[in-house]
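Let me begin by presenting the structure, written as structure tokens, before commenting on it.
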Amino acid sequence: MSDLSIDFSKNLSEENTILTFTEEELAGVPEDFLKSLEKNEDGKLKVSLKYPHYFPCMKKARNPETRKKLETAFNSRCLKPNTAILEELVELRSQKADILGFPTHAAFVLDMRMAKDPEKVRTFLVDLAQKLRPLQEQEVKVYLEYKKEECDKYGYEYDGKIHYWDLRYYMTMTEERQYAVDSNLLKEYFPMEVVTTGLLDIYRELLDLKFTQVKDVEVWHPEVTLYSVVDRESSNLLGYFYLDLYPREGKYGHAACFGLQPGCIQPDGKRQITVAAMVANFTKPTEDKPALLTHDEVETYFHEFGHVMHQICAQSEFALFSGTSVERDFVEAPSQMLENWCWEKEPLQRMSKHYKTGEAFPDHLLDKPIKSRIANAGMFNLRQILLGMFDQTIHTQKKVDTAKLFSEISQEYLGFPSTEGTNMSASFGHLAGGYDAQYYGYMWSEVFCMDMFYTRFKKEGIMSPKFGGDYRRYILQPGGSIDAADMLRNFLGRDPTPEAFLISKGLNPNA
Ligand SMILES: [Zn+2]
């Protein structure tokens with residue numbers, strides 16, 4: 001099983017498909033992005049399936065054929081080998097659960113999680129889907145209006161349906177039209193260096209830490225940087241972290257934090273320092289521009305760095321419980337909580353500066369993206385539920401046809417099937433990367449993340465060092481040495497409730 005999981009991830013990292021398009025086929029995609037693309041011998045532009053290539057095209061390419069080609073290729077990544085691996089893993093996991101006396105793999109995994117059993121997870125996802133459905137229906141109506149308009153304007157055939165390859169395009173259009181978010185203009189205020197400095201500064205202040213870049217040290221690639229972290233109060237060295245932020249061939253293609261050495265107590269009673277690495281695939285600098293991040297990328301950066309801090313601040317006695325070694329359906333909560341800083345004025349201003357003029361974000365530019373947080377909330381969250389439900393379903397079965405099942409669940413939750421010939425689950429890294437039967441954890445922990453944020457920080461100051469200190473003490477430091485439910489009670493002063501979560505999605509919790 002371990003070998004299969006490694007092969008699954010390796011296939012994904014080594015995936016290297018290139019599609020070629022004419023400029024005309026990529027109409028709608030920003031000029032500077034097109035300029036950054038390499039050309040092949042006959043002058044066509046080369047588009048890879050790595051995030052900094054794929055997403056800008058899916059968001060802005062107006063030609064549905066182009067998007068269909070890209071989406072089909074994207075959701076066919078590693079189709080053959082990884083479908084076989086995943087389906088074999090499902091069988092082996094089921095057998096293992098059987099040997100251990102559990103009815104299903106999901107039941108085995110959840111036994112040690114906050115949720116405890118598959119029924120509870122199902123109920124959680126189904127309830128939430130019901131609440132979100134009216135939002136999503138409204139959103140789809142709008143997508144279809146836009147689609148009709150686009151088809152009339154550019155002479156494409158209108159089929160009255162939303163497909164996978166339409167999704168990001170019309171979601172982006174919704175943000176732009178309903179919230180007047182101009183993501184290309186926003187990017188100009190998020191040069192990588194400014195974001196990094198601002199981000200480190202916010203974490204420093206909030207958690208009372210000191211970061212220092214360590215130069216002249218051996219790293220695995222010239223783009224990688226290393227920082228030391230010191231506790232400001234005691235001046236103790238807590239650990240080191242690496243930042244590896246840009247895509248390159250053969251590199252892990254998603255964003256993640258990897259623990260390299262756990263912070264825990266050594267036999268001599270002293271604390272072993274933590275070492276962690278943050279890996280991401282952000283937009284690279286071009287010849288005439290520094291790396292300019294989209295707001296999504298800034299949020300991802302903030303999120304992954306939250307995991308880094310969870311590792312670095314670890315104070316548990318045993319390595320087994322150090323840092324992010326918490327219940328898997330809680331592990332996202334601490335860093336999701338910190339994502340909220342990317343949706344508030346003050347921290348955003350600290351992380352931004354126009355790359356040419358050095359000007360700060362004008363208020364009017366900032367209000368809109370902040371408001372746009374609930375744009376597409378129905379569709380976005382139902383997609384998360386689809387992924388969670390798929391993961392739960394395959395892990396309550398002995399044998400599964402993943403492509404067929406994914407398409408069926410997609411139909412049920414999003415209202416449309418997978419694109420012909422694709423199987424998204426062949427590139428669903430989480431399923432072989434330790435999130436099996438636990439993908440729901442993203443939504444599950446968001447409930448706690450929103451409660452923590454609204455109850456304490458949002459009410460009384462998001463840069464409050466007092467709450468930041470409590471956060472470090474009660475949530476980050478203990479790792480898995482305390483049950484998540486108890487950590488939450490310690491921080492909140494009561495049991496968590498889902499109200500804040502529903503409000504954050506634009507729903508009325510009392511409805
Ligand atoms: Zn995460």
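General remarks:
- Inter-residue pairs, beta-carbon under 6 Å, first more than 15 Å from residue 105 (Cβ to Cβ) and in segment 390-414, second not basic (Lys, Arg) and not in a helix (DSSP H, G or I), 6+ apart: 403/423; 406/418; 407/417; 407/418; 410/417; 410/418; 411/417
- Cβ-Cβ under 6 Å pairs, at least 6 apart or on other chains, segment 238-264 side touching a residue at least 40 places away in the same chain (Cβ under 8 Å), far side within 16 Å of the ligand (Cβ to nearest atom) and in a strand (DSSP E or B): 241/276; 243/278; 252/279; 256/279; 257/276; 257/278; 259/276
- If you go through segment 127-145 and keep only what is among the acidic types (Asp, Glu) and more than 17 Å from residue 502 (Cα to Cα), you end up with 137, 139, 145.
- Any hit, segment 239-252, residues being within 16 Å of the ligand (Cβ to nearest atom), surrounded by fewer than 19 Cβ atoms within 10 Å (Cβ to Cβ) and modelled with pLDDT of 95 or more: no
- Sole residue being of a type outside the set (Phe, Trp, Tyr) and over 27 Å from residue 456 (Cβ atoms), chosen from 291, 276: 291
- Residues considered: 140, 229, 195. Of these, the only one that is in contact (Cβ under 8 Å) with a residue 60 or more places away in the chain, outside the structural domain of residue 311 (by TED's automatic domain parsing) and surrounded by 14 or more Cβ atoms within 10 Å (Cβ to Cβ) is 140.
- Top-ranked residue of segment 75-106 - restricted to ones that are assigned to a helix (DSSP H, G or I) and in contact with a Phe, Trp or Tyr (Cβ under 6 Å, 6 or more places away or on another chain), ranked as nearest to residue 400 (Cα to Cα): 85
- Of all residues in segment 355-363, none satisfies being among the charged types (D, E, K, R) and within 16 Å of the ligand (Cβ to nearest atom).
- Residue in segment 217-227 that is away from the ligand (no atom under 16 Å from the Cβ) and farther than 28 Å from residue 429 by Cβ present: yes
- In segment 412-452, residue surrounded by the fewest Cβ atoms within 10 Å (Cβ to Cβ) [restricted to those that are more than 16 Å from the ligand (Cβ to nearest atom) and in a helix (DSSP H, G or I)]: 412
- Summed over segment 474-488, the residues that are without any contact (Cβ under 8 Å) to a residue 12 or more places away in the chain and surrounded by 16 or more Cβ atoms within 10 Å (Cβ to Cβ) give a count of 1.
- Residues that are among the charged types (D, E, K, R) and loosely packed, with under 15 Cβ neighbours inside 10 Å, drawn from segment 253-272: 268, 270
- Verdict on residue 279 being within 14 Å of the ligand (Cβ to nearest atom), of a type outside the set (Phe, Trp, Tyr) and surrounded by 22 or more Cβ atoms within 10 Å (Cβ to Cβ): no
- Test result for residue 379, under 22 Å from residue 472 (Cβ atoms), surrounded by 19 or more Cβ atoms within 10 Å (Cβ to Cβ) and away from the ligand (no atom under 16 Å from the Cβ): no
- Of all the listed residues (169, 146, 158), the sole one being of a type in the set (Phe, Trp, Tyr) and in contact (Cβ under 8 Å) with a residue 60 or more places away in the chain is 169.
- Of everything listed in (1) farther than 20 Å from residue 312 by Cα; (2) modelled with pLDDT of 95 or more; (3) part of a helix (DSSP H, G or I), the single unmet condition for residue 494 is (3).
- All positions within segment 323-344 that are under 14 Å from residue 298 (Cβ atoms) and either in contact with a strand residue (DSSP E or B) (Cβ under 6 Å, 6 or more places away or on another chain) or more than 10 Å from the ligand (Cβ to nearest atom) (or both): 338, 340, 341, 342, 343, 344
- Boolean, residue 306 is in the same structural domain as residue 347 (by TED's automatic domain parsing), touching a Cys at 6+ places or on another chain (Cβ under 9 Å), in a loop (DSSP other than H, G, I, E, B) and crowded, with 21+ Cβ neighbours inside 10 Å: no
- Hits in segment 287-315 - residues which are among the hydroxyl-bearing types (Ser, Thr, Tyr) and within 12 Å of the ligand (Cβ to nearest atom): 300, 301
- Residue selected from segment 253-274 under the condition part of a strand (DSSP E or B) and away from the ligand (no atom under 16 Å from the Cβ), by the criterion nearest to residue 9 (Cα to Cα): 260
- Of the set (1) assigned to a helix (DSSP H, G or I); (2) more than 16 Å from the ligand (Cβ to nearest atom); (3) buried (at least 24 other Cβ atoms within 10 Å of the Cβ), all apply to residue 320 but (3).
The values are calculated or read from the model by the stated rules, or taken from the named source; none is laboratory data. A quick note: this is a predicted structure, and the numbers were derived from the prediction, not measured. Don't worry about glycine lacking a Cβ; one is built from the backbone with ideal geometry, like all the others, and counts go over all protein chains shown.
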